[in-house]
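What follows is a single structure, written as structure tokens, with notes after it.
The values are calculated or read from the model by the stated rules, or taken from the named source; none is laboratory data. As the structure is a prediction and not an experimental result, all values here were calculated from the model. Every residue, glycine among them, receives a Cβ derived from its backbone with ideal geometry; neighbour counts consider all protein chains shown. Ligands, DNA and RNA are excluded from the accessible area calculation, which covers all protein heavy atoms including side chains. Shrake-Rupley method; radii C 1.70, N 1.55, O 1.52, S 1.80 Å.
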Amino acid sequence: MKNNNVLLTGGAGFIGSHVARHLLKLGFEVVVVDDLSGGFEENLPDGVEFFKGDVGETVLIEDLFKKYKFKHVYHLAAYAAEGLSHFIREFNYRNNLLTSINLINASINHEVETFVFTSSIAVYGRNQLPMREDMVPFPEDPYGISKLAVEHDLEAAHRMFGMKYIIFRPHNVYGIHQNLGDPYRNVIGIFMNQIMFGLPLTVFGDGKQTRAFSHIDDVAPIIAGSVNVPEASCKVFNVGADESVSVNDLAAKVMTAMGKQVKIDYLPARNEVQHAFASHDLVKKTFKVDGSPVSLDAGLSEMAEWAKKVGPRKGKPFGKIEIPKNLPPSWKKL
Ligand SMILES: NC(=O)c1ccc[n+]([C@@H]2O[C@H](COP(=O)([O-])OP(=O)(O)OC[C@H]3O[C@@H](n4cnc5c(N)ncnc54)[C@H](O)[C@@H]3O)[C@@H](O)[C@H]2O)c1
């Protein structure tokens, strides 16, 4: 008989720590593996068992599977700095693709029932709006390519070995526990950190690019509970908010939430998609999502209160840039 043990990778990270909380509420015994490269032990809720380590460490992973006989695996660990992935290609594929394959191998060998994977809307690439799960993905950067490769591998593993999977493609998730010190991603966290340091907000391009920012409470419970929804099995879901805002409007809202006005520094545009929004018809239908999502104003004010308690975090530049060519000048200065 299978137990109720689940393995959650990246559980000390932002989304992972919230998924951990919801998994505990659902009655699962939660084992977290996280190397703390981007997460924090204090994010972990009471009641999880924590192992500090790399998902790519075959021996650690094999030992854990032998000991706990996991029923489900939730694979959230990744280095998710999408824009930076062009410049750290080898690291990206090793950390985000090969480690995932290590985990998929172990999951197949140990008869895991469901493998839940957080992919990303980065798989869609440019000019596919609104992004729908039935579109042919065409990722534009190594981060998106590695996510899509893992998606394909899960499909192949299902066909060959029968392991069920559920894939989520979240986008622009924000909220409490976000790493405020990551200088490469999470614009809301970056803005809040800059405000707390009394620095101007940095915006790439003219700030007219739009994104749909998704509150963590509209994402984490769906991911955690997905294994209990039979119709979700072997499907791919966009998950997140419908409403888009421009980065300029977001900057104004973040300043209001933080109660402080600062200048905006416009930097040369980055090579990024101008607009990104996704259809959520499938996730709403499958998971019977009811009630309204958390509004951006309410979510920002909750996060701002937390950020002020945590205080500013000094940004840590990425250790080893592999290709300095075309690196945005503001990142070169870090
Ligand atoms: N936040 C978003 O808006 C968003 C959007 C789309 C997809 N995602 C995906 O969701 C997942 C979680 O993202 P997040 O925003 O919570 O990021 P995060 O950086 O806060 O969490 C990732 C966690 O994984 C850990 N980690 C990284 N590489 C590891 C490795 N090799 N072994 C063990 N632990 C490792 C980090 O220490 C961190 O705690 C990622 O897979 C990311 O690609 C996030």
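Quick look at the numbers
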read-out	value
Rounded to whole Hz, the Karplus (6.51, -1.76, 1.60) HN-Hα couplings of the stretch 305-315, x for glycine and proline	4, 5, 4, 5, 5, 5, x, x, 10, 5, x
Theoretical FRET efficiency, 1/(1+(r/R0)^6), r = Cβ-Cβ of Asp63 and Ile321, R0 35 Å, to 0.05	0.55
Estimated 222 nm signal from helices in the chain, with DSSP H stretches of n ≥ 4 weighted -39500 (n - 2.57), rounded to 500	-10000 deg cm²/dmol
Net charge of Cβ neighbours under 9 Å - reference Leu97; Lys, Arg +1; Asp, Glu -1	+1
Total charge dipole magnitude, the stretch 123-209, about the Cα centre, Cβ charges on Lys, Arg, Asp, Glu only, Debye to nearest 20	120
Using θ = phi - 60° and Karplus 6.51 cos²θ - 1.76 cosθ + 1.60, couplings along the stretch 75-89 (whole Hz; Gly, Pro as x)	9, 10, 5, 5, 9, 9, 6, 4, x, 6, 4, 4, 9, 9, 4
Under 5 Å, built H, 5+ apart or other chain: amide partners of Ala278	Met131
Estimated inter-spin distance, His275 and Glu29, nm [label 7 Å along Cα→Cβ]	5.1
For the chain, size of Cβ-based charge dipole, Lys and Arg +1, Asp and Glu -1, in debye	540
17 Å Cα-Cα reach of Lys320 towards aspartates and glutamates, excluding residues that sit fewer than 8 places from it in its own chain	Glu82, Glu90, Asp182
Hypothetical label at Asp249: residues of the stretch 208-223 whose amide nitrogen lies under 12 Å (7 Å Cα-Cβ projection)	208-213
Sequence-distant lysines (8 or more away, or on other chains) whose Cα lies within less than 27 Å of Lys325	Lys147, Lys208, Lys314, Lys316, Lys333
Dipole magnitude (debye, nearest 20) for the stretch 161-307, charges at Cβ of Lys, Arg, Asp, Glu	340
1.4 Å probe accessible area per residue over the chain, in Å²	46
Counted charge near Phe277, where neighbours are those whose Cβ lies closer than 12 Å (Asp, Glu -1; Lys, Arg +1)	0
Packing-based order for 102-110, 39-47, using average beta carbon neighbours within 10 Å, highest first	102-110, 39-47
Solvent-accessible area, 1.4 Å probe, carbon plus sulfur percent, for the stretch 16-171	52
Protection-proxy order for peptides 127-134, 271-278, 319-326, each taking the mean of Cβ atoms within 10 Å per residue, highest first	271-278, 127-134, 319-326
Per-residue HN-Hα couplings for the stretch 104-117 [Karplus 6.51, -1.76, 1.60; θ = phi - 60°; Hz; x = Gly/Pro]	5, 4, 4, 5, 5, 4, 9, 6, 5, 6, 9, 10, 9, 10
Tyr79 accessible area, 1.4 Å probe, all protein chains in place, Å² to nearest 10	50
Peptide ranges 85-92, 309-316 listed from the most packed, as the mean C-beta count within 10 angstrom indicates	85-92, 309-316
Long-range amide H partners of Ser214 with built H, under 5 Å	Val173, Tyr174, Ala241
Surrounding net charge for Val30, when Lys and Arg each add one and Asp and Glu each subtract one, Cβ distance under 13 Å	-1
